[in-house]
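**Q** Pasting a structure below so you can have a look.
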Protein chains: 2
Amino acid sequence: MKVGILGGGQLARMIALAGHPLGVACTFIDPAREACAAAVAEQVASPYEELAQLDSLTAECDVVTFEFEHIPAAALRYLESYDNVFPRPSAILVAQDRLREKTLFRDLGIPVPPFASIGSREEFDAAIATIGMPLVIKTRTLGYDGKGQKVIRCAADIEAAWAELGGQPLLAEGFVPFEREVSMIAARDRTGAVACYALSENVHRDGILRVARPYTNAALQQQAEDYSRRVLDELEYVGVLAFEFFVHDGGLLANEIAPRVHNSGHWTIEGAGTSQFENHLRAILGLTLGSTETVGHSAMVNFIGRMPTAAEVFAIPNTHLHHYGKADRPGRKVGHVTVRAATRDQLEASLQSVIALSDKMG
Amino acid sequence: MKVGILGGGQLARMIALAGHPLGVACTFIDPAREACAAAVAEQVASPYEELAQLDSLTAECDVVTFEFEHIPAAALRYLESYDNVFPRPSAILVAQDRLREKTLFRDLGIPVPPFASIGSREEFDAAIATIGMPLVIKTRTLGYDGKGQKVIRCAADIEAAWAELGGQPLLAEGFVPFEREVSMIAARDRTGAVACYALSENVHRDGILRVARPYTNAALQQQAEDYSRRVLDELEYVGVLAFEFFVHDGGLLANEIAPRVHNSGHWTIEGAGTSQFENHLRAILGLTLGSTETVGHSAMVNFIGRMPTAAEVFAIPNTHLHHYGKADRPGRKVGHVTVRAATRDQLEASLQSVIALSDKMG
């Protein structure tokens, strides 16, 4: 079987690595010269909007999928005409736009912070008045890892936020003083069957995910599965989707969805019956989904900017190294380490050492 | 890091797949046009005896290793002069020769069936008289998967065995009416530290391994670990080694060693803290070995001749598919499926279905 991927970063790399044992070879489109998926999959170095390349990819591959959501809209609209593209481009278009996304959540009865669309300075001022401070101003499109957003805490922040973000379609959103951020990785197959992983608790630093680990809370788990199913069914989604929530006042508030495998699900490689990468492939290829049950106790730590040596990682017991094969660069996700242990105590002991190692790297 | 491998079959493929997350890229030498490791590693299509290629490989790679033991002796002797080749070629030379191997076991105080060297018809007849029937006649070199051996059960079998195997160096060995065959996968790192997996119980059909699974027996486990350490230390071995034993009269009798990752250890990919492939890489690269503890309940089934579809495999719960990317061919190992489950009952239920599927394939 052959799978085409738009994008050739670490997510495509890990999808391709999950593919080989299934007899699945991946080909990806990425204009970047040093796409790290190229070590394990075939690269087509082309802009995403090159329609002839999209024709070839959909023709040569059993199915075509995405490793990131910021695909040019022209390419997505073109791919709409092919029936072997999963998830459907229409679902990606919703996830690209924070306003459409939030509106979808609200329409499906999923709790969201108060929000408003901003198309002008007047609407900007009106949103501040209606929602009240503190609030967050975000670009409607192209934001990730905390980029493209500003918090307005008091009147003094207003002009700076407008200066930085004004002039493009924006979303204003009530600032949620959340207790924790969690995410649900869920997969929906071509028959509509859904499989959900354990909620992941996500800790960020400088807007970038640092630590993700299964979070056990039966009530929130059930809530998250319920909300995820609503979104997956509404979008007639096929593949893995990540749904981020804030935990606030004992319940979940929807933050955003990512229509793809997700950094907060990397622990599933060792920590679940089937990894998110394999289940994404199984979903889009029309195969039955695999078990999402947790295996042992696990947690994942990102490495930003610089990778430790393998010797440094393996000096810590129960570690699983995932090197993305990228050059070091400040602020760049270059790899992750998952700790999986038989007991919670073993996990915690190793996890603290891995976090310390990550902090040392950048 | 870069690792060179002699051989490009499924073992090299799985070593290379284990390497990518560690930031290890593999290059392999294999004269075959359709080496299945080529999907995930770089191929040098050359005979193994091409000394210039061995020079380049050892120069370009941090370390060089083997996926099979039947490397031409000339190549092994040449590689002796390089200090970045693991395991040492001298260890491979011992494992290539059933007489040297058995003699080593005996010298180390490891129980073996009675055996004798056969260099002539006279020695052949003498061995039959001394050991008694039934006995097994094996070629000293190049045997695997039951090839190159004949059982002599009664006088009527003698001439046929000589006609088939006579004229080459042979080993005669008492036929062991064993209760089960087990193997120990053990790794020894560059500092001499040894890590052993749970014993694997191996069931063959037509001389080819069909099912392998962890076998729990504390006394035999301890015996196997003790014997493995003796061999590993004596050979100053670095890497993963498989040691096959017969269980006979409640104890172990040494059968043979394979100086490499081994089919009976494939269940470690899902069923142990660290797979045999990763631990082989860690050992030869001078890294600390990873946990060999079992994870859940697992068993592996080989697929011979023909692969089922992924849909057929995934219709069975808790299955993990390993497609080797080879063309179907009668008698050829084309893939394996590991079942890993949280309980023994779940394992058994799935395992029976996987065995039935394997039987259907060939």
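The values are calculated or read from the model by the stated rules, or taken from the named source; none is laboratory data. Since the model is a prediction, treat every value here as computed from it, not as a measurement. Heads up, the Cβs are rebuilt from the backbone with ideal geometry, glycines too, and the neighbour counts pull from every protein chain shown. The area values use the complete protein model at the heavy-atom level, side chains included, leaving out ligands, DNA and RNA. Shrake-Rupley method; radii C 1.70, N 1.55, O 1.52, S 1.80 Å.
**Q** By a straight-distance test (C-alpha under 14 Å), which aspartates and glutamates pair with A:LYS102 as possible cross-link partners, with residues fewer than eight away in the same chain excluded?
**A** The reachable aspartates and glutamates, counting only those whose Cα sits under 14 Å from A:LYS102, are A:GLU173, A:GLU234, A:GLU244, A:GLU256.
**Q** Something else: Which whole-number value in Å² is the accessible area per residue of segment A:1-158, probe 1.4 Å?
**A** The answer is 40 Å² per residue.
**Q** May I pose another question? For q values of 0.09 Å⁻¹, compute log₁₀ I(q)/I(0) with the Debye formula on a Cα-only model of chain A, without solvent.
**A** These q points yield log10 I(q)/I(0) values of -0.50.
**Q** Further question: How many times 2.2 N^0.38 Å is the alpha carbon radius of gyration of segment B:1-158?
**A** Dividing the Cα Rg of segment B:1-158 by 2.2 N^0.38 Å gives 1.28.
**Q** For chain A, what is the calculated [θ] at 222 nm in deg cm²/dmol (nearest 500), taking -39500 (n - 2.57) for each run of four or more DSSP H residues and dividing by its residue count?
**A** It lands at -9500 deg cm²/dmol.
**Q** Please work out how much accessible surface B:PHE175 shows to a 1.4 Å probe, ignoring ligands, DNA and RNA, in Å² rounded to 10.
**A** In the full protein context, B:PHE175 sits at about 70 Å².
**Q** Report relative contact order for chain B in percent, whole number only (criteria: Cα-Cα under 8 Å, sequence separation at least 6).
**A** About 13 percent, as a whole number.
**Q** With a 1.4 Å probe on protein heavy atoms only, tell me which residues of segment A:7-28 lose at least 40 Å² of accessible surface in the complex relative to the chain by itself.
**A** A:LEU17, A:HIS20, A:PRO21, A:LEU22
**Q** A further question on this structure: Obtain the radius of gyration and the Kirkwood radius of segment A:77-186 from its C-alpha atoms and give Rg over Rh. Intermediate results must be reported in sequence, preceding the final value.
**A** Numbers: Rg = 15.6 Å, Rh = 15.3 Å.
Value, to two decimals: 1.02.
**Q** On to the next question. Bins of 10 Å, beginning at zero and ending with the bin holding the largest distance: percent of Cα pairs per bin for segment A:140-299, please.
**A** Bins of 10 Å from zero give 10, 36, 33, 15, 5, 0 percent of pairs.
**Q** Give the cross-link partners of A:LYS2 among the lysines, using a straight C-alpha distance below 16 Å as the criterion and excluding same-chain residues fewer than 8 apart.
**A** B:LYS326
**Q** At a probe of 1.4 Å, how much accessible area disappears from chains A and B on forming the pair, both sides counted, to the nearest 100 Å²?
**A** 2200
**Q** Quick one: work out Rg over Rh on the C-alpha atoms of segment B:276-322, Rh as Kirkwood radius. The partial results should precede the final answer.
**A** Details: Rg = 15.1 Å, Rh = 13.6 Å.
Taking Rg over the Kirkwood Rh, I get 1.12.
**Q** Another question about this same structure. Relative to the present Cα-Cα distance, how much length would full extension add between B:ALA129 and B:MET361 at 0.36 nm per residue of separation?
**A** This chain segment gains 79.3 nm when fully extended.
**Q** Here's something else I'd like to know. Along its three principal axes, how long is segment A:240-332 when you only count alpha carbons? Whole Å, largest extent first please.
**A** Answer, in whole Å and largest first: 38, 36, 27 Å.
**Q** Could you tell me what fraction of 2.2 N^0.38 Å the Cα radius of gyration of segment B:291-362 comes to, as a two-decimal ratio?
**A** For segment B:291-362, the normalised Cα radius of gyration is 1.10.
**Q** About the Cα centre of the protein assembly as shown, what is the dipole size in debye to 20, counting +1 per Lys and Arg Cβ and -1 per Asp and Glu Cβ, all else neutral?
**A** The dipole of the protein assembly as shown has a size of about 80 debye.
**Q** With the Cα gyration tensor of segment B:1-66 giving a ≥ b ≥ c as the square roots of its eigenvalues, does the rule (a/c under 1.5 for rounded; else a/b larger than b/c for prolate; else oblate) give rounded, prolate or oblate?
**A** In terms of gyration-tensor shape, oblate.
**Q** Okay, next question. I'm a student and want to see the number: the projected area of the Cα convex hull of the protein assembly as shown, averaged over all directions, in nm². Walk me through the intermediate numbers first.
**A** Values: hull surface 131.2 nm².
One quarter of the hull surface, i.e. the mean projection, equals 32.8 nm².
**Q** OK, next. Mind checking the per residue accessible area of segment A:237-360 for me, 1.4 Å probe, whole number of Å²? Before the final figure, lay out the partial values.
**A** Working: 3660 Å² over 124 residues.
Roughly 30 Å² per residue, with all protein chains present.
**Q** Under 20 Å from the Cα of B:LYS333, which lysines turn up, not counting those fewer than eight places away in the same chain?
**A** B:LYS147, B:LYS360
**Q** How are the C-alpha pair distances of segment B:185-233 spread across 5 Å bins, as whole percents from the shortest bin up?
**A** The distribution over segment B:185-233 is 5, 20, 23, 19, 17, 12, 4, 1, given as percents.
**Q** Here is a further query. At 0.890 mPa s and 25 °C, plugging the Kirkwood radius over alpha-carbon pairs of segment B:88-129 into Stokes-Einstein gives what diffusion coefficient in µm²/s?
**A** Estimated diffusion coefficient is 213 µm²/s.
**Q** Given the alpha-carbon gyration tensor of segment A:145-205, what are the semi-axes of its equivalent ellipsoid in whole angstrom, ordered largest first, with each equal to the square root of 5 times an eigenvalue?
**A** In descending order, the three semi-axes are 34, 16, 9 Å.
**Q** What is the Å³ per residue value for the convex hull set by the Cα atoms of segment A:48-119?
**A** 110
**Q** Let me ask you something else. What are the residues of segment A:272-290 that lose 50 Å² or more of accessible area, with a 1.4 Å probe, going from their chain alone to all protein chains?
**A** Residues of segment A:272-290 that lose at least 50 Å² of accessible area once the other chains are added: A:LEU287.
**Q** Under a point-charge model restricted to the Cβ atoms of Lys and Arg (+1) and Asp and Glu (-1), what is the dipole moment magnitude of segment B:73-188 relative to its Cα centre, in debye to the nearest 20?
**A** Dipole about the Cα centre, nearest 20: 260 debye.
**Q** Tally up the carbon and sulfur contribution to the accessible surface of the protein assembly as shown as a whole percent, 1.4 Å probe, everything protein left in place. Intermediate values should be presented prior to the final figure.
**A** Working: 13600 of 27100 Å².
Carbon with sulfur: 50 percent of the solvent-accessible area.
**Q** Name the residues of segment A:309-346 whose accessible area, probed at 1.4 Å, falls by at least 30 Å² once all protein chains are in place instead of their chain on its own?
**A** A:ALA310, A:PHE314, A:HIS320, A:LEU321, A:HIS323, A:ARG340
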